[in-house]
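Note sheet for the following structure.
Every number here is computed from the coordinates shown, using simple stated rules; none is lab data. In this text the structure is predicted, and so the values were computed from the model without any measurement. Note: ideal-geometry Cβ built from the backbone for every residue, glycine included; neighbour counts use all protein chains shown.
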Amino acid sequence: MKGSKFINDFLSHLKNFPMTLKRMYLTVWEKNNEMFHLFCSCKEL
């Protein structure tokens, strides 16, 4: 029973802030993308 309670708590936490996580992930992804493009353009020079 303890395990399922933990899982339920975890799922409710995920429901509470999926947008925050998505935004955080997108910000990190965009930053990495910028770095990647810079790296590629540097390689082409």
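Data for the structure
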read-out: Inter-label distance, nm, simple model (7 Å from Cα along the C-beta direction), N33/M19; value: 2.1 nm
read-out: Overall dimensions of the chain by Cα: Rg and Dmax, Å; value: 18.5, 61
read-out: Cross-link partners of K22 among lysines (Cα-Cα below 18 Å; sequence separation of 8 or more within a chain); value: K31
read-out: Helix axis angle, 2-16 relative to the chain longest principal axis, alpha carbon, degrees; value: 50 degrees
read-out: Student exercise, the chain dipole from Lys, Arg, Asp, Glu Cβ charges, in Debye to nearest 20; value: 320 debye
read-out: Farthest positive-ward along the chain dipole, Cα basis, beta-carbon charges - from N32, T20, G3; value: G3
